[in-house]
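Contents: one structure, followed by commentary.
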Amino acid sequence: MPLDLITVPCRVDNYAFLIHESATGQTALIDAPEVAPIEAALEERGWTLTDILITHHHDDHIAGVDALRAKYGARVIGGADDALRLPRLDLEVAGGDTFTTCGAEVSVIDVPGHTVGHIAFDVPAANAVFTADSLMALGCGRLFEGTAAQMWDSLKKLRALPAERLVCSGHEYTASNLRFALSIDPDNRDLILRGEEIAAARAQGRPTVPSTLDVERRTNPFLRADNPVLKAAMNMANATDTDVFAEIRGRKDRF
C-alpha cells in the first residue's frame, strides 16, 4: 500500500516531511526544524508520530526532536558517524544500511558535503528520497564541512535513483536557486519552463518542494557538472567534472 507523504513548512524557509501508513497507523517524520507546525500537521490528520529520521546535525533540522520524542515516544534514527552531534539516537545507521518504518524499507545513503555526517533516506514505497541539504530543488547545500569531490560524489549517488523519485529537500530556496541557475545556463529550455512553474507556485503560496529527480536532472546545474553543454557554456569544456562542480558551487556562494 502506498504511503501518504506530507510536506510541512517550518520556521522561515525549512521543510519537514511526514510519511504515514494507514493500515498500521504508523507515522514517520523526516527532520524536525520546529515543534508547532509538525504537531499541527499530525493533529489535523489524527496521526501519532512513531519514528523521527534525522539527516544531519544542524539546528534547523533537529531543534524539535527532543520535544516531539517526549510527547509521542517516537523512535529516533540518525547517522552513526554523527551521533555525538545529534539528539540521542535509538537506532544508529550508516550508508548502505536499511531499516523499516511505516511498514516500508528505508535505504540509507551516505551524502557528505554539506556536513561530513549528512545522510539521505530513500523510501521507494513513498516514491521519495529525503535529501535535506544535500540535493536541493535547483541546488545543493553549501560545503560547510565536506569537499567539492565529496559533494559531487554524493549528488551522483542521488542522481542515479529512479527518474520519478520525489526529491524531498529541506528548504524553500528554489526561486533564488533558479536565478543563479539561469545565470550559468540561460539557454536551457527546461530550466526556463521550470522558472515559470516556480513563479506561479510561489505566487499562490505553494511549496516548490518536492520536485522530481527527472526535473532536477534536466535543470539543476549541480547535477549537470559533467554535461558537455553546460561545461562549454562555462568555458570549462576540458575541465574535470569535479572542477566544474567546484566552480559552480563557488559561483553560487558568491552570487
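What follows is calculated from the coordinates using simple rules that are stated; it is not laboratory data. The shown structure was predicted, so the numbers you read here are calculated from the model rather than taken from an experiment. When we count neighbours, we look across all protein chains shown, and the Cβ atoms used for this are built from the backbone with ideal geometry, even at glycine.
Could you work out the Kirkwood radius for the chain, taking every pair of different alpha carbons, averaging 1/r and inverting it, reported in Å?
The answer is 18.4 Å.
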Inset, instruction - Under 18 Å from a label point 7 Å along Cα→Cβ of Leu193: give me every residue in the stretch 204-241 with its amide N that close. - result: 211-221
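Give me the percent relative contact order of the chain, please, defined on Cα pairs under 8 angstrom at least 6 residues apart.
Reported as a whole number, the value is 14 percent.
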Inset, instruction - Kindly state, to the nearest 0.05, the FRET efficiency for Ser22 paired with Ser176, given R0 = 30 Å and r defined as their beta-carbon distance. - result: 0.25
Legend entry - Gain upon complete extension [Lys71, Ala125; 0.36 nm per residue less C-alpha separation]: 16.7 nm
Inset, instruction - List the residues of the stretch 157-191 whose backbone N lies under 17 Å from a point placed 7 Å from the Cα of Gln204 along the Cα-to-Cβ direction. - result: 175
Legend entry - FRET efficiency, Asp59 to Asp243 (Cβ-Cβ, R0 25 Å, nearest 0.05): 0.15
Legend entry - the stretch 1-35 residues near the modelled Glu44 label - backbone nitrogen below 12 Å, point 7 Å along Cα→Cβ: 6-10, 18
Legend entry - Simple Cβ-charge dipole of the chain, Lys/Arg +1 and Asp/Glu -1, about Cα centre, in debye nearest 20: 620
Legend entry - P(r), alpha carbons of the stretch 25-128 - 10 Å bins starting at zero, rounded %: 16, 50, 31, 3
Legend entry - Table column - 3J(HN,Hα) (Hz), the stretch 35-40, Karplus curve with 6.51, -1.76, 1.60, x for Gly and Pro: 7, 4, x, 6, 4, 5
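So what's the stretch 164-226 giving for Rg/Rh, alpha carbon basis, Kirkwood Rh from the mean inverse pair distance?
0.93
Where both residues lie in the chain, what percent of DSSP beta bridges are antiparallel, nearest 5?
Values: 28 of 41 bridges.
Roughly 70 percent of the DSSP beta bridges within the chain come out antiparallel.
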Legend entry - Pairwise centroid distance, computed over Cα atoms, of the stretch 195-252 with the stretch 61-137, Å: 25
